[in-house]
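The values are calculated or read from the model by the stated rules, or taken from the named source; none is laboratory data. Since this is a predicted model, take the numbers as computed values, not measurements. Methodologically, a virtual Cβ is constructed for each residue, glycine included, from the backbone with ideal geometry; neighbour enumeration extends over all protein chains shown. Quick note on the areas: whole protein, heavy atoms, side chains included, nothing else; ligands and nucleic acids left out. Shrake-Rupley method; radii C 1.70, N 1.55, O 1.52, S 1.80 Å.
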Amino acid sequence: QAYPDIGKRFSFYQPWLKNARCLGIKFEDLLYDAREATLRQIAAHYQSCTGIEVDADAYVKAAHEAIDPKQSHTFRAGQKRGWEKHFTPEIAAA
């Protein structure tokens, strides 16, 4: 199956970013320095949207254990900005 270009595919999700019940985070927010703050933000957002009390410390601990770049097809090498090693100058400029 052919996919539409990336801009068109992502445009379907654009309205979510304006919805108060949606918390937009970047992939990089789950790496390195920002991870714990992002996980706490997710727990707080979930709690505010559902009214269900969340033990943020327990959630952060469980999430840290579950996020394992070596076990994930999404994280690949688990390196920040690792894509730069694979892009030619022409592709990076584009």
Problem set entry | Convex hull projection area averaged over all views, the chain, Cα basis, nm² | 8.7 nm²
Seminar exercise, completed: To the nearest 10 degrees, the tilt of helix 56-66 (Cα long axis) against the first principal axis of the alpha carbons of the chain is 40 degrees
Seminar exercise, completed: Of Glu53, Glu28, Glu36, the most mobile residue in a GNM of the chain (C-alpha springs, cutoff 10 Å) is Glu53
For this session: Could you tell me which of Ala62, Ala37, Gly7 has its Cα farthest along the dipole of the chain towards the positive end, charges placed at Cβ (Lys, Arg +1; Asp, Glu -1), taken about the Cα centre?
Result: Gly7
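So between Arg21 and Ile91, what do we pick up on full extension, going 0.36 nm a residue minus the alpha carbon distance? Walk me through the numbers before you get to the answer.
On the way: separation 70, 0.36 × 70 = 25.20 nm, distance 3.60 nm.
That works out to 21.6 nm of additional length.
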Problem set entry | Using alpha-carbon coordinates, inclination of helix 35-50 to the longest axis of the chain, degrees | 60 degrees
Exercise. Per the 1.4 Å probe, what fraction of the accessible area of the chain, in percent, lies on carbon and sulfur atoms?
Worked result: 56 percent
